[in-house]
Amino acid sequence: MRIPLRQMIDLGRHMRRKKRAGEKYFPLVLMLEPLHACNLACIGCGRIVEYKDTIRDQMALEDALGSAQEADAPIVSICGGEPLMYKHIAPLTQRLISEQRRHVMICTNAILLERFVKQVAPSPYLSFNLHIDGMRETNDRVLARKGHFDIVVKMIKMLKERGYRVQTNSTIYRETGADEVEELIRFLGGLGVDGMLVTPGYHYQVLTNDDLYMTSDEMPYKFQRVRKLADDYKLINTPLYLDFLVGERDLLCSPWTTVTRNPRGWKGPCYLITNGHYETFKELHAATDWEYYRTKQDIRCKDCRLHSGFEGTVALDFGKNLKDSWRVVRHYLA
């Protein structure tokens, strides 16, 4: 399976409970950024630009745990920055799993993984999401670290040998050719990864390197190749989202399904766009016109095809169309 069965069951139960309670805007995933600091300076990263004045700030452990309770999302993606640099990363992971029974994904560049796995044992509630943005030359150039590709490959093999669940996260930029995208998917499949997330590189408000990012018109060709491979390789992207990327259907955005908490507070309105930071999730919700962003009226949403908002729409719409729902089920059970 591309997604753990327990995670799918817990996510379904969460959505049913919230809908029965009459709630419309509720998170499915908390993007928990306990720090902004990183041991890389990727050319496509906005965090080191946006938070350069608070790059050394870290959340207190209890604040991080409290944020997960406040969001009440079944999935917590611990990211950043580089989350394995967070001084409380081991107890944070362990307590999210043991005390709160949340599914934890650690999004990491893999450099510090050997230290972390000595502290945290495999769990059905834990998975790693390793950052790899192309084959060796492209990845090492985009991440500005020679040898990074080889580190990720080594860590994938190590994690699999030790019984951890391993996924990859690949951002596809303008310079990454369709042949290379296909080569990467086949290569990662050969390593036995449990899932692959592929998303288009999209220019958002704090970034300046326009030549690096694709516009919405440039995405269909590359992602047609991705979609053709989705049945044979463990792509996590839903088939409906892939239809959206190739231009064969439209999807509204659901930015409230993936909310972000970092050392400055609750970031709004979404993972990429920052209008402000709020002390509580309740304040973020009250300050945000979700329908305005759902319908992509903001000019900053023009070229956005990021999975965090649109895959949330696919999840919330599950069951409304039997044909679409069956495609999603068949995809994840494969």
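The values are calculated or read from the model by the stated rules, or taken from the named source; none is laboratory data. Quick caveat, the model's predicted, so the values are computed rather than measured. Positions of Cβ are backbone-derived with ideal geometry, glycine not excepted, and every protein chain shown enters the neighbour counts.
Where helices (runs of 4 or more DSSP H) sit wholly within segment 284-334, those with at least 3 residues that are within 11 Å of Leu252 (Cα to Cα) occupy 290-294, 307-316. Scanning segment 136-149 for residues that are surrounded by fewer than 16 Cβ atoms within 10 Å (Cβ to Cβ) and part of a loop (DSSP other than H, G, I, E, B) gives Ala144, Lys146, Gly147. Residues in segment 12-38 that are more than 28 Å from Lys146 (Cβ to Cβ), surrounded by 17 or more Cβ atoms within 10 Å (Cβ to Cβ) and without any contact (Cβ under 8 Å) to a residue 60 or more places away in the chain: Lys18 only. Residue check: Leu252 meets all listed conditions (1) more than 20 Å from the chain's Cα centre (by Cα); (2) touching a residue at least 40 places away in the same chain (Cβ under 8 Å) but one, namely (1). Within segment 192-231, being at pLDDT below 95, assigned to a loop (DSSP other than H, G, I, E, B) and among the charged types (D, E, K, R) holds for one residue alone: Asp231. Filtered by the rule that a residue be within 19 Å of the chain's Cα centre (by Cα) and on the phi > 0 side of the Ramachandran plot, segment 82-112 gives a lone residue, Ala110.
Do we have Lys234 as surrounded by fewer than 17 Cβ atoms within 10 Å (Cβ to Cβ) and either of a type in the set (Lys, Arg) or at pLDDT 95 or above (or both) here? No, not satisfied.
For segment 167-180, enumerate the residues that are surrounded by fewer than 21 Cβ atoms within 10 Å (Cβ to Cβ) and either in contact with a Lys or Arg (Cβ under 9 Å, 6 or more places away or on another chain) or part of a helix (DSSP H, G or I) (or both). If the condition is that a residue be surrounded by fewer than 21 Cβ atoms within 10 Å (Cβ to Cβ) and either in contact with a Lys or Arg (Cβ under 9 Å, 6 or more places away or on another chain) or part of a helix (DSSP H, G or I) (or both), then Glu175, Gly177, Ala178, Asp179, Glu180 are the ones that fit. Determine whether Val152 is under 24 Å from Ala230 (Cα atoms), assigned to a strand (DSSP E or B) and under 20 Å from the mean Cα position of the chain (by Cα). In short, no.
Considered as a group, the residues in segment 65-91 that are in contact (Cβ under 8 Å) with a residue 60 or more places away in the chain and in a helix (DSSP H, G or I) include one that is surrounded by the fewest Cβ atoms within 10 Å (Cβ to Cβ), and that residue is Glu70. Scanning segment 103-113 for residues that are in contact (Cβ under 8 Å) with a residue 40 or more places away in the chain and either among the β-branched types (Val, Ile, Thr) or in contact with a strand residue (DSSP E or B) (Cβ under 8 Å, 6 or more places away or on another chain) (or both), we see that the one that is farthest from Leu40 (Cα to Cα) is His103. Say we look at segment 83-95 and pick out the residues that are out of contact with any Leu (no Cβ under 7 Å at 6 or more places or on another chain) and not β-branched (Val, Ile, Thr); which of these is farthest from Arg145 (Cα to Cα)? Once the filter is applied, the top-ranked residue is Gln94. For Met196, the conditions (1) closer than 15 Å to Thr108 by Cβ; (2) surrounded by 19 or more Cβ atoms within 10 Å (Cβ to Cβ) are fulfilled apart from (1). So is Ala41 surrounded by 17 or more Cβ atoms within 10 Å (Cβ to Cβ), in a loop (DSSP other than H, G, I, E, B) and touching a residue at least 24 places away in the same chain (Cβ under 8 Å) or not? Spelling it out, it is not the case that Ala41 is surrounded by 17 or more Cβ atoms within 10 Å (Cβ to Cβ), in a loop (DSSP other than H, G, I, E, B) and touching a residue at least 24 places away in the same chain (Cβ under 8 Å). Within segment 158-184, residues that are over 30 Å from Pro122 (Cα atoms) have Cβ atoms under 8 Å from residues that are assigned to a helix (DSSP H, G or I) and acidic (Asp, Glu) in these pairs: Arg174/Asp211; Arg174/Glu218, counting only partners at least 6 apart in sequence or on another chain.
Here Val104 passes the criteria (1) among the hydrophobic types (A, V, I, L, M, F, W, C); (2) buried (at least 16 other Cβ atoms within 10 Å of the Cβ); (3) out of contact with any Leu (no Cβ under 9 Å at 6 or more places or on another chain) except the one numbered (3). For segment 1-12, residues that are closer than 15 Å to Tyr125 by Cβ and either part of a helix (DSSP H, G or I) or β-branched (Val, Ile, Thr) (or both) total 8.
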